Every structure is written in C-alpha cells, then in structure tokens.
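Trainee: Let me begin by handing over the structure; questions about it come next.
No lab work stands behind these numbers, since they all come straight from the coordinates. On a predicted model such as this, the values are computed, not experimentally measured, just so you know. All Cβ positions, even for glycine, are placed from backbone atoms using ideal geometry, and neighbour counts span all protein chains on display.
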Amino acid sequence: MKNLETKIKLVNVNNISMRKSILIGGFMVLITIGAFAQHQRKGFNKSDMTPDQMAELQTKKMALHLDLTEAQQKKVYDLNKEQAVKREARRKEMMALREKGEKPTDRNSYEKQKSRLDELLARQESMKKILSEEQYETWKTSMKRRGEKMKRQGERRMQKNNKGRKGPKRPNKN
C-alpha cells in the first residue's frame, strides 16, 4: 500500500512540474511572438524613397486632386522636388544629431520653426502663381485639412506617451 501511495505522490509531483514547464514554455512563445510582431513594418516607408520619387508621387496626387495641366504639373513637380530635397537634408541632420545623442536646442528649434514657416509662405506664393484661383482655393482647403489632421495625430501621440506617466502633467510653453 505504501508503495502505491509513493508512486501516486511521484506522479502528482511529475504532473505539477510538467504543468509548470508547459506554462513557462507557453509564456516564452507568446513573448517571442510579441517581439517579432513589434518589429514588422506597416506599409511602405517613405524614407526609403528618393526625393525624385516623393516629388513625383506628390505631384501625381495633386494632379488628380486639382486637375493640373501638363505645364502646371511640371512647375509643381519642380517645387515638390525642391521641398523633398530640403526635407531629406533636414531628416539626415536630425539623424546625425540623434546618433551623437544630442537634442536640438531651443534656439535651434526657434530658427528651424521660423525657417519652416518662411518656406511655407514661399511655397504658398509659388502655388498661387502656378494654380488658377479655383485650384488654389481647393489646394488651400486641402492643406488646412491636412494640417488639422496632423495636429490631431500629434495630440493623440502625446496622450499615448503621457498615459503611463505619474505626477502632474507638464504645462504647455505656449
């Protein structure tokens, strides 16, 4: 009888250790799957495109949206290419700062923002010269909508980043 009880206890101990092994293995599989899922890309990456490709795509979208003529498309393409080259240069500059472990200074940020606004004003004037009045109004409306959409996305991103934060929220500098 004792021999049977000893065997039953050993079987129970083996079952418990087997369950623990299976449970630990299952968790490891889930963690591994989760890690791989986070590293997968979603869609295509614009940073893989050349400035020419970005300008061409943007021009084609604008041609469809604004019904541009061939002459207008050529002028808009040149404008978009110039903007794409500048954007690529700024992106590379920021990547270099990041690799050094530096962050942009407040003065740097002010100058960049001022420069960006000057570029937007210049682009707006150029578009006004290229497009008809009706096309220009359509373009302005779509740019306004795009700006509002980007602002909402930025706000969502800020909320997402601040969710786990403890303590008072940082006050806005505005």
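Trainee: Sorted by mean Cβ packing within 10 Å, highest first, what order do the peptides 64-71, 112-119 take?
Mentor: Details: 64-71: 13.0, 112-119: 11.5.
Result, highest mean Cβ count within 10 Å first: 64-71, 112-119.
Trainee: A further question follows. Kindly flag which residue pairs out of K140/K160; K114/K160; K86/K112 have an alpha-carbon separation exceeding 21 Å in this structure. Mind showing how you got there, number by number?
Mentor: On the way: K140/K160 30 Å; K114/K160 28 Å; K86/K112 12 Å.
Beyond 21 Å between Cα atoms: K140/K160; K114/K160.
Trainee: Taking θ as phi - 60°, what are the ³J(HN,Hα) couplings along the range 77-90 by the Karplus curve (6.51, -1.76, 1.60), each to the nearest whole Hz, with x for Gly and Pro?
Mentor: 4, 4, 5, 5, 5, 4, 5, 5, 5, 5, 4, 5, 5, 5
Trainee: By the scheme Lys and Arg +1, Asp and Glu -1, what is the net charge of all other residues having a beta-carbon under 12 Å from that of K81?
Mentor: Numbers: positive: K74, K75, K86, R87; negative: D52, E56, D78, E82, E88.
The answer is -1.
Trainee: What does the extension gain come out to for I31 and K129, with contour length at 0.36 nm per residue minus their alpha carbon separation? Each step should come with its number before you reach the end.
Mentor: Working: separation 98, 0.36 × 98 = 35.28 nm, distance 5.64 nm.
Extending this stretch completely gives an extra 29.6 nm.
Trainee: Which peptide among 76-82, 148-154 comes first, and what is the full order, when sorted by highest mean count of other Cβ atoms within 10 Å?
Mentor: Listed from highest to lowest mean packing, they are 76-82, 148-154.
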